[in-house]
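Here the structure is laid out as structure tokens; the discussion comes afterwards.
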Amino acid sequence: MKSVLGIDPGVRGGVVVLRANGTVAYRCALRPEFTEKDVALVIQTAVQFLKSMGGNDAFIEKVGFIRGDGGLGAFSFGRIVGLLRGCVLTWGIQLHEVQPFMWQSKMECLTGGNKNVSKRRAIELFPEEKVTHSIADSLLIAEFGRRQFLS
């Protein structure tokens, strides 16, 4: 079994490191006011936790253009996704992209865009954690990744 890093990209996404046994070692909700330096520090801290437990794999939701975001929204979203990916790869971490449908179906929480669905599932799987909308998907993406190494 391996520890893994899970990333829900976006300015209101999250970063989670799970230990091999499925408990949370590190978590951080991303915020719109974070600078590029703040995001880089979040990833650096997450990678330090990950590597300290022998992990070297990150799972990130594969996302694309969201209709209705507009030009500025799409640009901002693409910028944070690129920054997260670049920071992870800079640290030499193996990056795995996972489609939303794939991790949601495996984690039994097809959301249809409703964040409350994934939040409820994250609360079920991580009852000891304070689950917010910002951190729920990253918890589930990390758990999806951890389970990939179990099978």
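The values are calculated or read from the model by the stated rules, or taken from the named source; none is laboratory data. Remember, it's a predicted structure, so these values are computed and weren't measured experimentally. Ideal geometry is used to build each Cβ from the backbone, glycine not excepted, and the neighbour counts take in all protein chains shown.
Below are the figures for this structure:
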{"read-out": "Meets criteria (modelled with pLDDT of 95 or more, in contact with a Leu (Cβ under 8 Å, 6 or more places away or on another chain) and within 21 Å of residue 140 (Cβ to Cβ)) for residue 24", "value": "yes"}
{"read-out": "Residues (under 17 Å from residue 133 (Cβ atoms) and in a strand (DSSP E or B)) located in region 18-42", "value": "24, 27, 28, 29"}
{"read-out": "Test: residue in region 49-56 that is surrounded by 17 or more Cβ atoms within 10 Å (Cβ to Cβ), at pLDDT 95 or above and in a helix (DSSP H, G or I)", "value": "yes"}
{"read-out": "Subset of region 3-17 (residues that are part of a strand (DSSP E or B) and over 12 Å from residue 122 (Cβ atoms))", "value": "4, 5, 7, 15, 17"}
{"read-out": "Count of region 109-151 residues which are of a type in the set (Val, Ile, Thr), in a helix (DSSP H, G or I) and more than 11 Å from residue 6 (Cβ to Cβ)", "value": "2"}
{"read-out": "Qualifying residue in region 57-69 (condition: modelled with pLDDT of 95 or more and either surrounded by fewer than 17 Cβ atoms within 10 Å (Cβ to Cβ) or farther than 21 Å from residue 12 by Cβ (or both))", "value": "yes"}
{"read-out": "Residues of region 104-149 classified as of a type in the set (Lys, Arg) and surrounded by 20 or more Cβ atoms within 10 Å (Cβ to Cβ), total", "value": "3"}
{"read-out": "Subset of region 7-21 that is surrounded by fewer than 21 Cβ atoms within 10 Å (Cβ to Cβ) and within 19 Å of residue 86 (Cα to Cα) - its residue that is modelled with the highest pLDDT", "value": "12"}
